[in-house]
Structures are given as C-alpha cells and as structure tokens.
1. I'd like to check which helices (runs of 4 or more DSSP H) are fully inside the range 77-167 and have at least 1 residues that are at pLDDT below 70 and open to solvent by 30 Å² or more (accessible area, probe 1.4 Å).
2. Any idea how many residues of the range 70-108 are without any contact (Cβ under 8 Å) to a residue 40 or more places away in the chain, farther than 15 Å from Thr13 by Cβ and touching a strand residue (DSSP E or B) at 6+ places or on another chain (Cβ under 9 Å)?
3. Go through the range 60-69 and give me each residue that's in a loop (DSSP other than H, G, I, E, B) and either touching a strand residue (DSSP E or B) at 6+ places or on another chain (Cβ under 9 Å) or surrounded by fewer than 16 Cβ atoms within 10 Å (Cβ to Cβ) (or both).
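The values are calculated or read from the model by the stated rules, or taken from the named source; none is laboratory data. What you are looking at is a predicted structure, and each value in this text was computed from that prediction instead of being measured. For neighbour counting, all protein chains shown are included, and Cβ atoms are generated from backbone atoms with ideal geometry for every residue, glycine included. The area values use the complete protein model at the heavy-atom level, side chains included, leaving out ligands, DNA and RNA. Shrake-Rupley method; radii C 1.70, N 1.55, O 1.52, S 1.80 Å.
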Amino acid sequence: MEQRKEIVLDGVTYFMTPANAYTAWENIQMLLGAIGRSKMDRPGDGSISGMIGLAFSVMDKPELAAVQRMVFEFTVVKPEAGAPAKLIDCGETHFNQYRSHLPILLVEGAQYQFGDFFTGIRDVLKGLFPGMGQMTEFLERCRSLVSSEATTTQKVSTGSSGRRSSEKKPRSRS
C-alpha cells in the first residue's frame, strides 16, 4: 500500500494515509455485508444504473457512515491558504465550500483504504462476502467516473452554485 496518497482538486491538496489494517478490515466486512443484504433485496441487472441504485440503497446505513468516518479520519486537507487539518475535524466547514470534492474523496479514499485487501485474494473474498464482486466492480466504475470528474473539477472553477465562474448568472427580476 502506498504510504501516502495525494489528490489535488481546485488547488486544494488532500493527503491520505493508511488506516489501521484491522479497523479497515472491519469496515469493509460491514460494508460488504450491507451491500450483500441490499443486493438480495434488490437484485440488479449489473448495469451502471443498477450499481448506482445498489450504492444508494446503502447510503443511509451505519456501515457506509463508518467508512466515511474512516476516510475522513485518515485524510488531511491543505487549502490554498491556511494550515493543514484533519478532514474529520473540519469536514463540515470545508465541504460547505468544496461540495464537489466530497464524493470524489469518498470513492478515492475507499479505493485507497481497501485496495490492498483485494490484491491477490479477490476470488477468496468473493466467496466469503456476499456482494464482493458487485462492490469491486462498483468501486472501479465509480473511480473511473470521479477520475474524469476530478480532471474536469481541477480545470473548471465553480462557485457554490456549481456553475462555472465564467457563466452568466441569472439576474433577479425587479
């Protein structure tokens, strides 16, 4: 596993470091269980829309909140101006300014924290946990989607509305 992963979005640098292996393993077990249970309730067709539906079906689950907490706990943010801080301590304020960064960091963080568990034992894990195949496929698809979005995000400055800064803003009527 890389000892540190660096992501730069809109001039903001994020540094991810590895979580404790045991904690990460517990989180992946819980998340895979939630995905497996959801998959049994809502069998999909394997399409990207089916995978997105599966992801949304576990969005309100405590297992996903635990993964989010882990990713934020092991990520430090360095804004263009200001001191570095753990994302877990400043996330609420930080993401009010950089909303589009949140899903990118969650997907990249999950990929970073869990990626080495998948290396070389993918088939074993698929047998142990329901939904493992779907989860790895989903993470790869999410990563490719947010990677293209991250490239766009880095090049396009947006305001809090999500519109490009150079776009004309609607005028209020008097």
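1. Here the list reads 122-128, 132-155.
2. Result for the range 70-108: 3.
3. Within the range 60-69, just Asp60 meets the criteria.
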